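First up is the structure itself, then whatever we jot down about it.
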């Protein structure tokens, strides 16, 4: 994120990290069983979520997509037959679209809707607690969430996060409509806020700081 807490500008540009930090992220990807992102990240960035800048295995990719909106021509779906890809939906997703996702190699997980505070980027979205239970049953022991602000809020608020790693780039983006690291409803009082324990700080070339927190 930028110094002022933005992970994307109001126009959606999220190219904040240096190559050095992207290498760090790819090394991290190579150590996990799965990466989880929300559908908003797919629609905005069209990422591959693979390990490319270092040697290592590609983790499974899990897309939280309550209404099955993932584009069939997205980079995720174009590689779904080669890299394990799971699309988590609710019964609001059209069955015809789900059949096409399966035909392209993706696994579809139907998860019940969450109540307020349990869903991801949209109201009545995927129940994230149930989703993570399902992922554990599949055998995923270490999951990396590369979330947008809404998904980050939901998972932090639900207590599903063990560690938080943030790279702070020496940049200021500004913008009242720019996406921050954690969005959602937020707390009414600071006393209610989620407490973190700072475990390590790394200073990188170019002025980036990598902060490692435990929850």
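Quick notes on this one:
- Residue list for region 80-102, filter: touching a residue at least 12 places away in the same chain (Cβ under 8 Å), out of contact with any helix residue (DSSP H, G or I) (no Cβ under 8 Å at 6 or more places or on another chain) and farther than 18 Å from residue 145 by Cβ: 81, 82, 90, 91, 92, 93, 94, 97, 98, 100
- With respect to the stated conditions, residue 58 fails to be touching a helix residue (DSSP H, G or I) at 6+ places or on another chain (Cβ under 6 Å) and touching a residue at least 24 places away in the same chain (Cβ under 8 Å).
- Of the residues making up region 46-55, those that are under 14 Å from the mean Cα position of the chain (by Cα) and surrounded by fewer than 19 Cβ atoms within 10 Å (Cβ to Cβ) are 46, 47, 48.
- Against the test of being closer than 30 Å to residue 110 by Cβ, in contact with a strand residue (DSSP E or B) (Cβ under 6 Å, 6 or more places away or on another chain) and surrounded by 21 or more Cβ atoms within 10 Å (Cβ to Cβ), the options 62, 32 yield a single qualifying residue, 62.
- Region 91-101, residues that are at pLDDT 95 or above and either within 21 Å of residue 38 (Cβ to Cβ) or under 22 Å from the mean Cα position of the chain (by Cα) (or both): 93, 94, 97, 98, 100, 101
One line per residue, one yes/no per condition, for (1) assigned to a helix (DSSP H, G or I); (2) surrounded by 15 or more Cβ atoms within 10 Å (Cβ to Cβ):
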{"site": "44", "(1), (2)": "yes, yes"}
{"site": "57", "(1), (2)": "no, no"}
{"site": "69", "(1), (2)": "no, yes"}
{"site": "76", "(1), (2)": "yes, yes"}
{"site": "80", "(1), (2)": "no, yes"}
{"site": "88", "(1), (2)": "no, yes"}
{"site": "92", "(1), (2)": "no, no"}
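- Qualifying strands (runs of 3 or more DSSP E) (wholly inside region 103-215; at least 2 residues being in contact (Cβ under 8 Å) with a residue 12 or more places away in the chain and out of contact with any helix residue (DSSP H, G or I) (no Cβ under 7 Å at 6 or more places or on another chain)): 107-110, 163-168, 197-203, 209-214
- Residues located in region 1-22, provided they are surrounded by fewer than 16 Cβ atoms within 10 Å (Cβ to Cβ) and closer than 30 Å to residue 134 by Cα: 22
- Selection count where residues are assigned to a strand (DSSP E or B), under 17 Å from the mean Cα position of the chain (by Cα) and closer than 17 Å to residue 164 by Cα, scope region 1-18: 2
- Residue match in region 151-169 (condition: under 17 Å from the mean Cα position of the chain (by Cα), over 25 Å from residue 192 (Cα atoms) and surrounded by 14 or more Cβ atoms within 10 Å (Cβ to Cβ)): no
The values are calculated or read from the model by the stated rules, or taken from the named source; none is laboratory data. Model, not experiment: these values are computed from the prediction. Methodologically, a virtual Cβ is constructed for each residue, glycine included, from the backbone with ideal geometry; neighbour enumeration extends over all protein chains shown.
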